[in-house]
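Engineer: To start, I am sharing the structure in question, which I have written as structure tokens.
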């Protein structure tokens with residue numbers, strides 16, 4: 001599938017290099033090769049960009065006053081003084097810098113295998129990211145999944161592709177007649193919040 | 001030839017004299033229908049009870065505005081009419097009204113300065129008010145309400161409706177006699193008749209109007225047309241008298257529940273009726289509500305419903321169709337599953353006392369589909385009442401469905417289960433999209 005839309009899309013939050021990183025990273029987390037649509041076909045990068053430009057990226061409804069203890073046990077939850085958008089921006093710069101030093105190219109320029117290696121290192125916290133940024137990979141993976149499965153109204157899950165793939169019927173919210181037919185396939189396609197029918 | 005010119009000239013002069021007379025002659029004001037003894041005082045609280053039963057607030061209190069300070073827009077077929085400030089403020093309200101001025105407004109539709117009120121003010125119904133109630137109401141507005149200084153925009157209708165003297169002709173042709181004369185077989189039924197015909201002015205919406213002057217075709221139950229269904233804006237105001245109308249099919253308890261609490265086992269009030277329940281009917285004493293219900297049941301007519309389609313003899317297998325969730329379903333059925341099924345269910349029956357039943361619903365099967373279309377486009381709310389405090393909101397779907405889709409969905413519910421009403425067209429929907437939303441949210 002072509003990604004002409006993504007090529008023409010003007011990001012709301014990310015810079016050109018950041019946008020290249022996000023597209024490349026999403027494409028490795030949910031690749032296009034395989035049974036279902038990949039993150040790019042589902043326009044997941046658009047979802048993440050929209051979120052970073054919006055309330056989530058700005059941590060608008062999070063408690064963001066101190067005290068901050070970014071090095072605290074991760075079980076104690078999010079402790080960074082940075083907003084998700086700031087974490088993305090600072091982390092992408094550091095990861096790209098690290099890739100250029102270690103592998104000779106920015107992340108987006110690397111081949112798929114090397115990109116996977118970098119992402120694995122990120123996930124295993126082998127990358128020297130300061131404590132304030134340590135949730136970067138957690139956010140990236142979480143936001144990629146969200147963009148894949150969230151309602152298309154938020155920019156991802158383009159044409160409900162992810163829902164159709166897994167057989168989720170969408171925002172209809174009424175399956176009373178099917179509640180007792182465990183395991184029976186539900187024949188009707190999905191519906192989105194905006195009323196699009198699949 | 002000369003004779004002809006003279007005759008024509010004479011006729012022109014005569015017409016001018018009549019017109020000038022119509023425009024300039026002081027209006028006759030109806031006198032009190034009962035001579036009450038000097039020093040008569042209305043019972044305590046009577047005025048407020050009359051104001052509630054007459055639902056003055058429905059029009060004279062603007063949404064979010066101070067009580068009775070006016071400003072609500074009444075959308076009529078001839079334009080927007082602004083309800084006036086009826087608090088006792090001397091400058092912007094009715095503080096300078098004498099009892100006779102006040103009665104002239106209620107009975108004759110005359111402002112203190114002699115200007116005619118538009119019959120959006122239900123003076124043809126209020127004319128039936130007893131002198132005791134006129135006195136009580138006057139006392140309430142003058143002495144119990146605080147004056148509120150609030151100017152209301154002047155009503156400016158297009159020609160010829162801005163020529164208010166024309167209302168004289170209308171009054172002459174349309175007004176029933178003043179006062180209420182008991183005519184039913186019991187005091188309870190007469191109380192019901194008085195409440196329905198005079199104070200609650202139910203006929204303003206539920207009685208059909210004639211095509212020439214838009215006057216109600218009757219003002220009391222002895223008229224065969226009275227309460228047989230009217231139209232308000234795009235909404236149907238259902239027939240209340242036909243043997244298969246909802247009001248006649250329901251038990252006394254169910255009818256009382258709808259009027260007093262806004263909902264019953266199968267229905268909820270919508271459109272303007274929600275205001276009547278919220279501001280007026282829910283506050284009536286139990287005895288008055290019983291009188292209204294008895295009266296409505298007593299004026300039943302043995303004929304099929306006039307303003308809605310008769311049900312199918314054999315219901316359509318809609319519930320099974322919807323339950324199949326088949327991709328082969330038509331657009332209307334698919335839209336019902338996507339938008340309506342969660343609350344109204346495949347059976348269309350909704351949930352008792354919560355979600356209205358669509359099967360046989362008066363708004364759904366009405367000949368005038370505007371109420372149903374408005375409900376789908378804009379949603380509505382069953383008001384919060386003391387008996388049923390939860391305000392039940394149906395969301396609007398206008399942002400989610402285009403005109404073709406609304407038409408397909410409305411047609412589907414009008415022709416499913418036992419409903420057999422004519423299809424709705426895209427043009428019907430287009431007319432109402434973007435129309436002023438008179439629903440209260």
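Engineer: For the condition touching a strand residue (DSSP E or B) at 6+ places or on another chain (Cβ under 7 Å) and at pLDDT 95 or above, what is the one hit in B:241, B:249? Quick ask: steps written out before the conclusion?
Structural biologist: Numbers: B:249 fails: touching a strand residue (DSSP E or B) at 6+ places or on another chain (Cβ under 7 Å).
Within the list B:241, B:249, the selection yields B:241.
Engineer: Restrict the check to region B:5-13 and report whether at least one residue is free of Cβ contacts under 8 Å to residues at least 40 places away in the same chain and in contact with a helix residue (DSSP H, G or I) (Cβ under 9 Å, 6 or more places away or on another chain). Don't jump to the end; show me each part of the working.
Structural biologist: Just the residues of region B:5-13 that are free of Cβ contacts under 8 Å to residues at least 40 places away in the same chain, to begin with: B:5-13.
Filter again for in contact with a helix residue (DSSP H, G or I) (Cβ under 9 Å, 6 or more places away or on another chain), leaving none.
No: region B:5-13 contains no residue that is free of Cβ contacts under 8 Å to residues at least 40 places away in the same chain and in contact with a helix residue (DSSP H, G or I) (Cβ under 9 Å, 6 or more places away or on another chain).
Engineer: Exactly one of these conditions fails for residue B:297: (1) modelled with pLDDT of 95 or more; (2) crowded, with 20+ Cβ neighbours inside 10 Å; (3) closer than 28 Å to residue B:51 by Cα. Give me its number.
Structural biologist: With (1) modelled with pLDDT of 95 or more; (2) crowded, with 20+ Cβ neighbours inside 10 Å; (3) closer than 28 Å to residue B:51 by Cα applied to residue B:297, the lone miss is (2).
Engineer: Now for a separate question. With the condition kept exactly as written, say whether any residue in region B:27-49 is at pLDDT below 90 and out of contact with any strand residue (DSSP E or B) (no Cβ under 9 Å at 6 or more places or on another chain).
Structural biologist: First, the residues of region B:27-49 that are at pLDDT below 90: B:27-28.
The next check asks that each one be out of contact with any strand residue (DSSP E or B) (no Cβ under 9 Å at 6 or more places or on another chain); those that pass are B:28.
Taking every residue of region B:27-49 in turn, at least one turns out to be at pLDDT below 90 and out of contact with any strand residue (DSSP E or B) (no Cβ under 9 Å at 6 or more places or on another chain).
Engineer: Identify all residues within region B:122-150 that are buried (at least 16 other Cβ atoms within 10 Å of the Cβ) and without any contact (Cβ under 8 Å) to a residue 60 or more places away in the chain; write none if there are none.
Structural biologist: If the condition is that a residue be buried (at least 16 other Cβ atoms within 10 Å of the Cβ) and without any contact (Cβ under 8 Å) to a residue 60 or more places away in the chain, then B:123, B:142 are the ones that fit.
Engineer: Can you confirm whether residue B:110 is buried (at least 17 other Cβ atoms within 10 Å of the Cβ), in contact with a strand residue (DSSP E or B) (Cβ under 8 Å, 6 or more places away or on another chain) and modelled with pLDDT of 90 or more?
Structural biologist: Values: buried (at least 17 other Cβ atoms within 10 Å of the Cβ): yes; in contact with a strand residue (DSSP E or B) (Cβ under 8 Å, 6 or more places away or on another chain): yes; modelled with pLDDT of 90 or more: yes.
In short, yes.
Engineer: Still on this structure, I have one more. Given (1) in a helix (DSSP H, G or I); (2) surrounded by fewer than 21 Cβ atoms within 10 Å (Cβ to Cβ), identify the lone condition not met by residue B:291.
Structural biologist: Condition (2) is where residue B:291 drops out.
Engineer: Another question, then. Does residue B:195 count as outside the structural domain of residue B:370 (by TED's automatic domain parsing) and either in contact with a strand residue (DSSP E or B) (Cβ under 8 Å, 6 or more places away or on another chain) or assigned to a helix (DSSP H, G or I) (or both)?
Structural biologist: Working: outside the structural domain of residue B:370 (by TED's automatic domain parsing): yes; either in contact with a strand residue (DSSP E or B) (Cβ under 8 Å, 6 or more places away or on another chain) or assigned to a helix (DSSP H, G or I) (or both): yes.
Taking the combined requirement at face value, the residue satisfies it.
Engineer: Anything in region B:252-272 that is assigned to a helix (DSSP H, G or I) and at pLDDT 95 or above? List them, or say none. Can you show your working first?
Structural biologist: Step one: list which residues in region B:252-272 are assigned to a helix (DSSP H, G or I), which gives B:252-261, B:272.
Within region B:252-272, B:252, B:253, B:254, B:255, B:256, B:257, B:258, B:259, B:260, B:261 meet the criteria.
Engineer: Which of the residues that make up region A:142-169 are buried (at least 16 other Cβ atoms within 10 Å of the Cβ) and within 30 Å of residue A:67 (Cα to Cα)?
Structural biologist: A:143, A:144, A:146
Engineer: When region B:92-151 is examined, which residues are found to be under 22 Å from residue B:35 (Cβ atoms) and assigned to a loop (DSSP other than H, G, I, E, B)?
Structural biologist: B:97, B:98, B:127, B:128, B:129, B:130
Engineer: Something else: Looking only at helices (runs of 4 or more DSSP H) that fall completely inside region B:333-420, which ones have 3 or more residues that are surrounded by 21 or more Cβ atoms within 10 Å (Cβ to Cβ) and more than 14 Å from chain A (Cβ to nearest Cβ)? It would help to see each step written out before you state the result.
Structural biologist: On the way: elements: B:341-344, B:362-365, B:370-378, B:403-414.
Correct list: B:362-365, B:370-378, B:403-414.
Engineer: Something else about it: For region B:314-332, name all the residues that are away from every other protein chain (no Cβ under 11 Å) and either part of a loop (DSSP other than H, G, I, E, B) or at pLDDT below 95 (or both).
Structural biologist: B:314, B:315, B:316, B:317, B:330
Engineer: Are any of the residues in region B:60-83 surrounded by 10 or more Cβ atoms within 10 Å (Cβ to Cβ), under 30 Å from the mean Cα position of the chain (by Cα) and in a helix (DSSP H, G or I)?
Structural biologist: Yes, region B:60-83 contains at least one residue that is surrounded by 10 or more Cβ atoms within 10 Å (Cβ to Cβ), under 30 Å from the mean Cα position of the chain (by Cα) and in a helix (DSSP H, G or I).
Engineer: How about region B:242-257: which of its residues are surrounded by fewer than 22 Cβ atoms within 10 Å (Cβ to Cβ) and over 16 Å from residue B:298 (Cβ atoms)?
Structural biologist: Those that are surrounded by fewer than 22 Cβ atoms within 10 Å (Cβ to Cβ) and over 16 Å from residue B:298 (Cβ atoms): B:244, B:253, B:254, B:257.
The values are calculated or read from the model by the stated rules, or taken from the named source; none is laboratory data. Everything numeric in this text was worked out from a predicted model, so none of it was measured. Every residue, glycine among them, receives a Cβ derived from its backbone with ideal geometry; neighbour counts consider all protein chains shown.
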